[in-house]
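I have placed the structure first, in the form of structure tokens, so that the comments after it can refer back to it.
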Amino acid sequence: MFTPILELIDVSFSYNGNPVLENVNLKVEKGDFLALIGPNGAAKTTLMKIMVGLLTPKYGRVLIFGENIREFKKWDKIGYIPQLTGEINTGFPATVWEIVDSNYYNGFLKGFINKDRREKSVKQALEKVGIDKLSQKMLKELSGGEKQKVFLARALVKNPEILFLDEPTSAMDAPSREDFYNLLTDLNKNLGITVIIVTHDIGFACEKATKIGCVKGKRVFIHENVGEVTEGHIAGLMGYKIAACDIHKE
Amino acid sequence: MDFLSISFINRAFAAGVLTSILISTVGVFVVLRRMSMVGDSLSHASLAGVAFGMLFGIYPFYGALVFTVIAAILIEILRKAFKKYSEVALAVVMSAGIGLAVVMISLGKSYNRDLFSYLFGSLIAVSEKDIKIMGFLGLAVITSIIALNRELFAVTFDEESAKISGIPVNLINLYLSLVTALSVALSVRIVGTLLVSALMVIPTAVSLQVSKSFKMVFIISNLVALFSVILGIIISYYFDLAPGGTIVLISSFILAIALLIKGVRSGWD
């Protein structure tokens, strides 16, 4: 039996005393593609922030690569793409290269010392995502889809083993979304990167994910056999009928 | 130019060059973190420090240094307490700074020429001692900013991702507050407490209009500040004007030109 790459054990979380997640248990194995879905306000983003250690659960433990997230130090194993609608300034006056490069961090002054290795990693990350031609463009000059690819390249610059993405396609049109999902599938299948994504895109979740996590009613229901879950089931979930969660396995 | 042989002008230039590079570099991070008003809050705290120094017979520059550092720490604490309304922290510290300054000025009856030199900046007030303090602290701040530029970029751009990269975000935030405080305190001698925040913000505002990379934001911001300070010192010497106001007017004029050129190029879109 493999040690899960990520494990949440009896995790509960409250905002100002109001519980939003209760007794959440889930395991993510290496190579999984987990899509977290659920209605607005179901605490999907909160759950993701708990997973990466940005929020501390009131109760329970988060283990990542077998270590408690509180003591975890191997940050180069984790890639994170936050919601672009949040506090990130997408008009930030920096080039694509500078933004991707900024995430190559492995300690004070080490970015200077490992300059050649750093530059090689930035180039590779840009190529993986297919935006190497945009490297000298300013972030504010790019479309929503291109910006998200920059954030993906930024997360990939450290060669992570697991990628966390919080609603990455919310500002994209349909073709850009398709393109972005194909890229994620490719990273998951060909490079073996474990992917955890918060999404409202039910069709994508059913088609590409290997696990679906329904976040609803302060709980998370994991469907490991994605074949069981149809788009219709999940549409019910989004319409506040929890058909998908009726066939749940916690 | 024979005025270069005047010793106080040389000191003013030395202080001006250092101040302009320092304050405009820190200004980039301050503006991009949407904390443009932090300069105002800190400079008013520095005025309280000057008044404290005058009241208790301590060198006012030291008072300014200590008070701005305390104010910077207070701002960080209050920013955490008012997470969603972080500008409250700036308003509170600024008001407290003015209040404290006014009370101590009236207690010490120190409405004198020296106080005005701290309010509006002065060419002749920069002493050898000031230059030594400015040189030592200024170079230390600039060196540390260069050494920490990757951390500062990451935290300024996206704090959450910076945390997940393993950057000690709280420590970097505290560091940035302290260097901002030191930069303000070091700049009040030449620009004055009332106008130091303008020199922190305007050069960055100019560079944001024209820069094509993050590196260029710093270069242009430094050049605008340097040009404004040097020209400001020359003009204020020949026309007997307060250097702070002259410097700020020059940088505002450059900003107006940058906006005009950008407007014409984009067809006022």
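The values are calculated or read from the model by the stated rules, or taken from the named source; none is laboratory data. Being a predicted model, the structure only gives us computed values, none of them experimental. Virtual Cβ from ideal backbone geometry, glycine too; neighbours counted across all protein chains shown. We work out accessible area using only protein heavy atoms, side chains counted, and drop any ligands, DNA or RNA first. Shrake-Rupley method; radii C 1.70, N 1.55, O 1.52, S 1.80 Å.
Of the residues making up the range B:154-208, those that are under 30 Å from B:Leu260 (Cβ atoms), away from chain A (no Cβ under 14 Å) and open to solvent by 10 Å² or more (accessible area, probe 1.4 Å) are B:Leu194, B:Leu195, B:Ser197, B:Ala198, B:Val201, B:Ile202.
All conditions but one from (1) within 13 Å of chain B (Cβ to nearest Cβ); (2) more than 15 Å from A:Val195 (Cβ to Cβ); (3) of a type outside the set (Gly, Ala, Ser) apply to A:Val24; the one that does not is (1).
Just to be sure before I move on: is A:Glu207 out of contact with any helix residue (DSSP H, G or I) (no Cβ under 7 Å at 6 or more places or on another chain), assigned to a helix (DSSP H, G or I) and under 13 Å from A:Ala35 (Cβ atoms) in the structure I sent? Answer is yes for this residue.
Checked against the criterion of being in contact with a helix residue (DSSP H, G or I) (Cβ under 6 Å, 6 or more places away or on another chain), in a loop (DSSP other than H, G, I, E, B) and closer than 29 Å to A:Ser102 by Cβ, the range B:220-230 contains not a single residue that satisfies it.
Report the residue count in the range A:171-202 for those that are part of a loop (DSSP other than H, G, I, E, B), closer than 13 Å to A:Glu146 by Cα and open to solvent by 70 Å² or more (accessible area, probe 1.4 Å). The qualifying residues number 2. Given the condition within 14 Å of chain A (Cβ to nearest Cβ) and within 23 Å of B:Ile133 (Cβ to Cβ), answer yes or no: does some residue in the range B:209-226 qualify? No, the range B:209-226 has no match at all. With respect to B:Ala140, determine if the residue is surrounded by fewer than 19 Cβ atoms within 10 Å (Cβ to Cβ), more than 14 Å from chain A (Cβ to nearest Cβ) and of a type in the set (A, V, I, L, M, F, W, C). Spelling it out, B:Ala140 is indeed surrounded by fewer than 19 Cβ atoms within 10 Å (Cβ to Cβ), more than 14 Å from chain A (Cβ to nearest Cβ) and of a type in the set (A, V, I, L, M, F, W, C). If the condition is being open to solvent by less than 20 Å² (accessible area, probe 1.4 Å), modelled with pLDDT under 90, under 16 Å from B:Arg189 (Cα atoms) and over 11 Å from the mean Cα position of the chain (by Cα), then the range B:1-46 contributes B:Ile9, B:Ala12, B:Ala15, B:Gly16.
Could you look through the range A:18-41, keep only residues that are within 26 Å of A:Leu183 (Cβ to Cβ) and hydrophobic (A, V, I, L, M, F, W, C), and pick out the one that is surrounded by the most Cβ atoms within 10 Å (Cβ to Cβ)? Step through it out loud before you land on a result.
Step one: filter the range A:18-41 for residues within 26 Å of A:Leu183 (Cβ to Cβ), giving A:26-38, A:40.
Now drop any that are not hydrophobic (A, V, I, L, M, F, W, C), which leaves A:26, A:28, A:33-37.
Details: A:Leu26: 21, A:Val28: 23, A:Phe33: 23, A:Leu34: 23, A:Ala35: 26, A:Leu36: 29, A:Ile37: 26.
Looking at residues that are within 26 Å of A:Leu183 (Cβ to Cβ) and hydrophobic (A, V, I, L, M, F, W, C), I get A:Leu36.
Is it the case that A:Thr95 is modelled with pLDDT of 90 or more, within 25 Å of B:Arg150 (Cβ to Cβ) and within 14 Å of chain B (Cβ to nearest Cβ)?
Working: modelled with pLDDT of 90 or more: yes; within 25 Å of B:Arg150 (Cβ to Cβ): yes; within 14 Å of chain B (Cβ to nearest Cβ): yes.
Yes: the conditions hold for A:Thr95.
For residues in the range A:100-117 being at the interface with chain B (Cβ under 7 Å from one of its Cβ atoms) and under 24 Å from B:Thr204 (Cβ atoms), which is modelled with the lowest pLDDT? Going through the qualifying residues, I end up with A:Gly111.
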